[in-house]
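Where a number appears in this text, it was derived from the coordinates with a stated rule and is not lab data. The structure displayed is predicted, hence computed values, not measured ones. Backbone-built Cβ (ideal geometry, glycine too); neighbour counts: all protein chains shown.
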Amino acid sequence: RSLRSSRDSVDLFKNFNLTGQEDFIVALEDLENFPIDTVLNKYQVKGYLNRLILGQQIRLFQDGESFGFYLIGNGSWMVFFMMPFLALFLKLIYIRRGYFYVEHIIYSFHAHSFAFLLYIIMILFGGYAPGWIIGGGFIVLAVYLYYSLLRVYKQGKWKTFFKYLLSFFFYTLVLSFSVILTGIISIALF
C-alpha cells in the first residue's frame with residue numbers, strides 16, 4: 001500500500017463498459033475495505049445487469065492476479081470440449097472413408113496431445129530460445145498435422161492438403177468462437 005500511486009480513486013469503466021454510463025469512479029479505500037455488495041449499495045448501482053457487470057469489475061480489480069489462472073483452467077476445459085467438434089468435422093470431410101466417429105475422436109485427442117506437448121516444450125524453453133525457435137515450433141506443428149492426416153486417412157497429397165486447409169479454417173473458427181465464449185463466461189463467473 002505504501003507504494004500505491006497518489007490517486008485515491010479509480011474509474012472502473014475506463015477499459016470495459018457495457019452499461020452505457022460515462023464513468024464510474026470509486027474510491028480506492030472503498031474497494032480495499034468493503035465487500036462488493038457494500039460498494040454497489042454505497043454507490044447506488046441499480047439494475048441486475050449493472051450490478052453484475054460492476055461487481056465483476058470490482059472483483060477483477062480486487063483479485064485480478066488469480067483471474068489469469070482461472071482463465072487458463074477454463075481454457076483447458078474449452079479445448080477438451082472442442083475436440084468432439086473437430087472429430088465431427090473430420091467425420092464429415094472423410095465420410096466416404098468408412099471411419100467411425102470414435103476413430104476421429106481418437107485422432108483429435110492424438111493431435112491435441114502432440115500440440116500440447118509441443119506448447120509445453122516451447123513454454124519451458126521460450127525464455128532461453130530465440131524467437132525463430134518458437135515460430136519454428138508452430139511450423140513443426142503444422143507440418144506434423146498435415147503428415148498425420150496423410151498417414152491416418154490415406155488419401156492423396158493434394159486432397160489431404162485441401163482437407164487440411166478446410167479443417168484448419170474450421171478449427172480456427174471454432175477456436176475463436178470458443179475463446180470469446182470462454183472469456184465471457186469466465187468473467188461472468190469469476
Simple spin-label model, 7 Å along Cα-to-Cβ: ALA142 to SER76 in nm? 2.9 nm
Classify the stretch 51-136 from the C-alpha gyration tensor, please: rounded if a/c falls under 1.5, else prolate or oblate depending on whether a/b exceeds b/c. oblate
Taking the Cα-to-Cβ direction at PHE177 and at GLU65 and moving 7 Å from each Cα, how far apart do the two end points lie in nm? 3.8 nm
The stretch 38-133: trypsin sites (Lys or Arg not before Pro) in DSSP coil with no more than 12 other Cβ atoms inside 10 Å: LYS46
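Counting pairs of alpha carbon atoms under 8 Å apart in space and at least six apart in sequence, what relative contact order in percent does the stretch 87-190 give? Don't skip to the end; give the middle numbers.
Working: 34 pairs, mean separation 24.9, N = 104.
Normalised by residue count, the contact order of the stretch 87-190 is 24 percent.
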Within the stretch 105-163, which trypsin sites (Lys or Arg not before Pro) sit in a loop by DSSP and count at most 12 neighbouring Cβ atoms inside 10 Å? LYS154
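At 25 °C and a viscosity of 0.890 mPa s, what translational diffusion coefficient does Stokes-Einstein give for the stretch 57-190, taking Rh as the Kirkwood radius over Cα pairs? Give it in µm²/s as a whole number. Write out the running numbers ahead of the final one.
Details: Rh = 16.8 Å.
It diffuses with D of about 146 µm²/s by this estimate.
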Considering only C-alpha atoms, what is the centroid distance from the stretch 31-84 to the stretch 92-112, in Å? 38 Å
